[in-house]
Structure formats: structure tokens, C-alpha cells
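Here is the structure we will look at.
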Amino acid sequence: MIRLNKVLSAFGVASRRTADTLMAQGRVEVNGRVITALGTKIDPDVDEIRVDGRRLKTLPAKRYVLLYKPRGVVSTRTDPQRRPTVTDLIARGGIGGYFYPVGRLDYDSEGLIILTNDGTFAERVTHPRYELERTYEAQIEGVPDERDLDRLRHGVLIDGRRTLPARAKLLRVVHGRAGTQSVIELVLREGRNRQVRRMCDAIAHPIVTLRRTRIGAITAKGLRPGAWRDLTPAELRELMPAPSKPARG
């Protein structure tokens, strides 16, 4: 017998945490009975499972997609305002099935995001304990001095909690009709809500455009906005390394 939320995660319906939410909302049925009790265990080889009325049949092959999200696209499965979503993009590219994004990227931002049907992988990559680095290029108003950059490096207060130490550097200064702007690179080890934008607001250099250029060591090389590709086995091993074996005494 296996916990129901783990089974839903294996089917690619959602992460275990989100699966618990689906159960609490009464959207999950087992053998025709709505299941709301967290911790419920089932036999996926015997029991009939439905989510939102859709029966889960055979476990899908696990897949990991790297998408370059354009601006003006929502990084969720669905959107109440009916704006285009990241799952719409990969569906138009021929990928079917129940995929969901790993983490978020703002509607007004562009850059790399991973989509998968593997809940275990999604939890591993997004868990704060692992502090997976994400790299951003932000075009901001004005030119930050070294003191501003040091504030970003050492952490700024967001909602009363200081951000983790980050790497920050000035890449170039841009002169144009909108005045003097600059491009900085920020490497973060956490993913709080609109974090990069709020960090730049904290140093009084608001963001004009924002792009995520790297997840771990995976770059956007060869991908244009709206394009996607499957992650390679080597990239998967880097994002989700095998557990280390205990040393023999």
C-alpha cells in the first residue's frame, strides 16, 4: 500500500504537497469514493483513481522539459484570466499529458523554466534545503554602486526576512531614450515570490526587464523564447544527484 499523494505525484498529477490540496478540495476519488483524509494509502495496481473525474490509468513515462518562457506567459497549468500558460506552449509543440512547471517565473519575465510529470523530481529541485542556484539578468533603472551590489550580496529584508547571500555583479551600462540604465547579473539560492524584483526595489533600482538565464549549470543556449527541449541525462543527474553512500568505518 502506498500513500495516495505519492501515487498522484508518480502519475504526474501534482507534487505531493499539491496532491494533498487536491484531496482536501474533494477532487480525488478512489473506487468511486471521494478521499479527503491526508495519509490515505491505496494499491495503484488494484484501485481506480480519478482526479477531477479523469481516470488515471497507466503510469506515464517520466519526462523533463526545459522551456524558454517568453514574457506575457503564465507559469502555471491554468489561468483564470485565460492568459497563455507554459503548458499551452509545450502542448502546441506536441507534448501531451499532465505536466506542471517546476517553480515559477513572473508573467512579465522571460527565461528558463522546467516542466515535468515527475513529482519527486519537482520536489527535489524546488526544496529550499538543496539551494539550487538560479541566474538572472536584470536591466534596471540607473547604475548601482558597489554599496548597492553589496546589499544584494549580503541580503535585503523582504517581508521581515533577509534574503540568502547572493552573487551580484554589474555587467554593463546602457544609455538610451529612457535615460541611463544598467544590466546586472544575480545568482540566487532561493526562490521567494518576485524575489529579484523586490531585491532591486530595495536598493532603489527598479527592474525594467528580467530574464532567467540559468538553472544550476543549465543555460538557455540554443533556445529562443517559446522554444523547448528535453533535459539530457547528464543535466538530470546534475539537478538530482544520487544520494551519497555512508562512509564505511
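Each reported figure results from applying straightforward, stated rules to the coordinates on display, with no laboratory input. This one's a predicted model, so the numbers in the text were calculated from it and none came from an experiment. Reconstructed Cβ throughout: ideal geometry from the backbone, glycine too, with neighbour counts over all protein chains shown.
Would you mind computing Rg(Cα) / (2.2 N^0.38 Å) for the chain, counting N as its residues?
The reported ratio for this selection is 1.15.
Quote the Stokes-Einstein diffusion coefficient, in whole µm² s⁻¹, for the stretch 11-122, based on the Kirkwood radius over alpha carbon pairs, a temperature of 20 °C and a viscosity of 1.002 mPa s.
Rounded to a whole number, D works out at 141 µm²/s.
Size of the dipole of the stretch 2-56 about the Cα centre, Lys and Arg at +1 and Asp and Glu at -1 on the beta carbon, nothing else charged, in debye to 20?
Roughly 180 debye, rounded to the nearest 20.
Summarise the long-distance tail of P(r) for the stretch 71-119 by giving the % of C-alpha pairs beyond 18 Å. Working shown, then result.
Working: 259 of 1176 pairs.
Result: 22 percent of Cα pairs exceed 18 Å.
What is the percent of Cα-Cα separations in the stretch 2-56 that go past 12 Å?
Above the 12 Å cut-off, the stretch 2-56 has 57 percent of its Cα pairs.
For n ≥ 4 DSSP H runs only, could you compute -39500 (n - 2.57) per run for the chain, divide by its residues and tell me the 222 nm figure to the nearest 500?
Working: 7 runs with 55 residues, N = 249.
That calculation yields -6000 deg cm²/dmol at 222 nm.
Placing +1 at every Lys and Arg Cβ and -1 at every Asp and Glu Cβ, with all other atoms neutral, what dipole size does the chain have around its Cα centre, in debye to the nearest 20?
220 debye
State which stretch of the chain is the longest one without any exposed trypsin sites (Lys or Arg not before Pro), exposure meaning a DSSP loop state and at most 10 other Cβ atoms within 10 Å.
With trypsin sites (Lys or Arg not before Pro) excluded where exposed in loops, the chain gives 83-176 as its longest stretch.
Roughly what % of Cα-Cα distances in the stretch 129-249 sit above 25 Å, to the whole percent?
Tail of the P(r) past 25 Å holds 35 percent of the pairs.
Mind sorting Asp230, Asp201, Asp106, Asp45 by how few other Cβ atoms lie within 10 Å of their own Cβ, fewest first?
Sorted ascending by nearby Cβ count, the order is Asp45, Asp230, Asp201, Asp106.
How high is the relative contact order of the stretch 2-56, in percent, with contacts defined as C-alpha pairs under 8 Å that are six or more residues apart?
34 percent
Under a cut-off of 15 Å between alpha-carbon atoms, report the aspartates and glutamates in cross-link reach of Lys69, not counting same-chain residues fewer than 8 places apart.
Straight-distance partners of Lys69: Asp88, Asp106, Asp108, Glu110, Glu137, Asp230.
Just tell me which lysines come within less than 16 Å, Cα to Cα, of Lys6; anything on the same chain fewer than 8 places away is out.
In chain and number order, the partners are Lys41, Lys57, Lys62.
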